[in-house]
Every structure is written in C-alpha cells, then in structure tokens.
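The values are calculated or read from the model by the stated rules, or taken from the named source; none is laboratory data. Since the model is a prediction, treat every value here as computed from it, not as a measurement. We place every Cβ from the backbone using ideal geometry, glycine too, and count neighbours over all the protein chains shown. Please note that ligands, DNA and RNA were not included when accessible areas were found on the heavy atoms of the full protein model with its side chains. Shrake-Rupley method; radii C 1.70, N 1.55, O 1.52, S 1.80 Å.
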Amino acid sequence: AQSVTQLDSHVSVSEGTPVLLRCNYSSSYSPSLFWYVQHPNKGLQLLLKYTSAATLVKGINGFEAEFKKSETSFHLTKPSAHMSDAAEYFCVVTGYGGATNKLIFGTGTLLAVQP
Amino acid sequence: GAGVSQSPRYKVAKRGQDVALRCDPISGHVSLFWYQQALGQGPEFLTYFQNEAQLDKSGLPSDRFFAERPEGSVSTLKIQRTQQEDSAVYLCASSPRPANEQFFGPGTRLTVL
C-alpha cells in the first residue's frame, strides 16, 4: 500500500531564510509524488509533481523537491521564505489499484513565516 | 477560467439530518473525486467518478454516504442521518483525464451539532 509520512507537523522560519519540509514515502510501485499547498479558506493548489522523469522537480513560487529513492524521501525546499508562503503543505502519493488515481495525503506541515 | 466550485461553503446540521453537498467541476473534466478532511488531518479519499460512472467508492465510511454524478458533470455527495463524526471539510476535485492533475474546490465545511 502507498503512504506518506510528513516528519514535522509545524515548521517556523524567518522571512528570507531557507525552508525545508520533510516527507518520506512508502510505495509498492514506482510512485507519483506531489506537494500541495492549502492557504486558509482556499482550495488545495498543486506546487509540484514527480512522475519518474527528473529527480529534481521545480514547482511554482520558487519551491522544488528532490526524489531520493535510496532514502524514500521527497523533501520540499525553498531557498528564501516569503511571508506569503505561510500555509499548510501536504505531501501526496498516488494510490494504485482499481480504476482510481486517488491521492493519498500526509497529515500536513503547517509552515509559519516570521517577519 | 472558472475553477471547481462547491456549495454550500458552510453547512450546519443537527444530528440525524440529511445533507447534500454539491460540486461543479471544471467544464469538460472527465474525472471527479470527493475527499473528506477532518480537523488537523490530511484529506482522505471517499469516491471517484469517471464521467457518470462511479468507479471507486471504497473510501465511503458507511452506507449513510452516497454520491452521484448522473450526467457526468455536477456531482452531489449526500449524507443521511448525519452524526457528529461526519463533521469535516468535504473537498471535490476534478481532472481532465484520470491520470492528470486534480484541481480542487474550496470545500464545504460541515458541522454536525
């Protein structure tokens, strides 16, 4: 079965400093992995996705993630945090089986950005 | 263009009442998903439609939950005899084809008193 584990429920950084949100995955297949962001009272937005092409994936708003099979990790990074990055971030893997490409979400990491 | 819309945005129900939550997917999107997001948790899959066919309902927590998409566009999630544990945000997502990116609506926050 597919699953993801987000290692930190809360991360706090200062504006202008790097962001690291950690995610480990478990999958019986070559996985498709995603990061979604959820701002308060807004819908989930896709930041980036990995689908077995390049292991370093670049997304929107300066975020990127690196797929490391040996470590079963897919950590999200950004060189310099902005106040507008404060939100909840979800690491996601695609579930396989049946006729569904359902998404399996981690429990989320709440990112706070201090001025 | 218009994204996925959901209505109502907020719903308060007394325990035992029936509720109906609506999802308007992006026009032309074949796939439609429903997810349930409890407070402080990540969304969890409920059910999946490809056009009007409900191909996967393995995530529906009980037979009180029912979803339909009769014409392959708008979908309704119905919860009968609501219980307090049904309180959550219900998210709808659509995608152009089954393996494509899913676009999420803003959700309906259901509170059962």
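Details
- Residue check for A:GLY59: within 20 Å of B:ASN100 (Cα to Cα) and in contact with a Gly (Cβ under 6 Å, 6 or more places away or on another chain): no
- Reported count of residues in segment B:21-53, each being aliphatic (A, V, I, L, M) and either touching a helix residue (DSSP H, G or I) at 6+ places or on another chain (Cβ under 6 Å) or open to solvent by 30 Å² or more (accessible area, probe 1.4 Å) (or both), is 5.
- Of the residues contained in segment A:96-112, one or more are found to be more than 12 Å from chain B (Cβ to nearest Cβ) and either assigned to a loop (DSSP other than H, G, I, E, B) or open to solvent by less than 50 Å² (accessible area, probe 1.4 Å) (or both).
- Residue under evaluation B:PHE33, criteria (1) under 28 Å from A:SER9 (Cβ atoms); (2) within 14 Å of chain A (Cβ to nearest Cβ); (3) part of a loop (DSSP other than H, G, I, E, B), criterion not met: (3)
- Among the criteria (1) in contact with a Leu (Cβ under 8 Å, 6 or more places away or on another chain); (2) within 14 Å of another protein chain (Cβ to nearest Cβ); (3) among the β-branched types (Val, Ile, Thr); (4) surrounded by fewer than 18 Cβ atoms within 10 Å (Cβ to Cβ), the one A:THR77 does not fulfil is (2).
- Selection count where residues are in a loop (DSSP other than H, G, I, E, B), within 9 Å of chain B (Cβ to nearest Cβ) and among the polar types (S, T, N, Q), scope segment A:21-48: 2
- Checking each residue in segment B:36-53 for being more than 10 Å from chain A (Cβ to nearest Cβ), in contact with a strand residue (DSSP E or B) (Cβ under 8 Å, 6 or more places away or on another chain) and part of a loop (DSSP other than H, G, I, E, B) picks out B:ALA38, B:LEU39.
- The residue that is farthest from B:ARG9 (Cα to Cα), among those in segment A:1-44 that are in contact with a Leu (Cβ under 7 Å, 6 or more places away or on another chain) and open to solvent by 70 Å² or more (accessible area, probe 1.4 Å), is A:ARG22.
- When segment B:90-113 is filtered for residues that are more than 14 Å from every other protein chain (Cβ to nearest Cβ) and either surrounded by fewer than 18 Cβ atoms within 10 Å (Cβ to Cβ) or among the hydroxyl-bearing types (Ser, Thr, Tyr) (or both), the ones remaining, listed by number, are B:THR111, B:LEU113.
- The single condition among (1) modelled with pLDDT under 95; (2) open to solvent by less than 50 Å² (accessible area, probe 1.4 Å) that A:PHE63 does not meet is (1).
- Leading residue by the ranking (least open to solvent (accessible area, probe 1.4 Å)) among those in segment B:54-89 that are free of Cβ contacts under 8 Å to residues at least 12 places away in the same chain and part of a strand (DSSP E or B): B:ASP56
- Checklist (1) within 14 Å of another protein chain (Cβ to nearest Cβ); (2) open to solvent by less than 70 Å² (accessible area, probe 1.4 Å); (3) touching a Ser or Thr at 6+ places or on another chain (Cβ under 9 Å); (4) β-branched (Val, Ile, Thr) applied to A:THR72, failing item: (1)
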